[in-house]
Amino acid sequence: QVQLVESGGGLVQAGGSLRLSCAASGLTFSDYVVAWFRLAPGKEREFVAAIRWSSSTYYADSLKGRFTISRDNAENTVYLEMNSLKPEDTAVYSCAAGFRVYSISSEAPYNYWGQGTQVTVSS
């Protein structure tokens with residue numbers, strides 16, 4: 001049974017940092033593209049960042065420079081380092097894994113999803 005479990009969310013003041021983790025079980029993580037998406041109240045889910053097995057990384061244009069995605073294949077874990085957080089970053093952040101992903105920022109290619117972790121940034 002495949003499971004993705006996110007952790008590391010919480011409440012932080014604007015300008016602060018958080019590191020989210022996505023731990024996988026039931027699959028060989030290194031074979032998959034892993035992405036982070038976020039869902040804010042009243043908005044559609046949006047792509048945040050993704051990383052391939054080769055460690056090639058992709059980011060939403062609006063988040064480049066503040067967010068960094070990385071992976072530890074040995075630990076079957078992907079991380080999202082978020083710096084200089086803003087109130088508009090408040091959302092539920094979910095990780096997703098897909099085996100063959102050609103459209104990195106689309107939700108459809110990702111087969112497995114975690115439950116999400118809440119990130120709240122206060123002003």
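Miscellaneous remarks
- The listed residues Trp53, Trp36 rank as Trp53, Trp36 when sorted by accessible area, largest first, using a 1.4 Å probe.
- Zone of Asn83's modelled label, taken as backbone nitrogen in segment 11-29 under 19 Å from a point 7 Å along Cα→Cβ: 12-21
- Area accessible to solvent at Arg45, 1.4 Å probe radius, in Å²: 90 Å²
- Global dimensions of segment 11-81 from alpha-carbon coordinates: Rg and Dmax equal 12.9, 37 Å.
- Carbon and sulfur %, accessible surface of segment 69-123 computed with the full protein complex present, 1.4 Å: 44 percent
- With only the Cα atoms considered, the chain has a convex hull volume of 93 Å³ per residue.
- Label-to-label distance, nm, for residues given as Ser103 and Thr57 (7 Å Cα→Cβ offset): 2.5 nm
- Relative contact order, whole percent, for the chain stands at 35, derived from Cα pairs under 8 Å and 6 or more residues apart.
- Dipole magnitude for segment 22-74: about 140 debye, using +1 per Lys or Arg Cβ and -1 per Asp or Glu Cβ, origin at the Cα centre.
- Residue-wise HN-Hα couplings along segment 79-86, as the Karplus relation 6.51 cos²θ - 1.76 cosθ + 1.60 with θ = phi - 60° gives them from phi, are 10, 10, 8, 10, 10, 6, 5, 10 Hz; Gly and Pro carry x.
- In order along segment 35-42, the phi-based Karplus estimate (6.51 cos²θ - 1.76 cosθ + 1.60, θ = phi - 60°) of 3J(HN,Hα) comes to 10, 10, 10, 9, 10, 9, x, x Hz; Gly and Pro are listed as x.
- All Cα-Cα separations within segment 51-111 were binned at 10 Å from zero, giving a P(r) of 18, 53, 28, 2, each value a whole percent of the pairs.
- For the chain, the solvent-accessible area works out to 51 Å² per residue, with a probe of 1.4 Å and every protein chain left in place.
The values are calculated or read from the model by the stated rules, or taken from the named source; none is laboratory data. All figures in this text were calculated on a predicted structure; none of them were measured in a lab. Note that each Cβ is placed from the backbone with ideal geometry, even for glycine, and that neighbours are counted across all protein chains shown. Quick note on the areas: whole protein, heavy atoms, side chains included, nothing else; ligands and nucleic acids left out. Shrake-Rupley method; radii C 1.70, N 1.55, O 1.52, S 1.80 Å.
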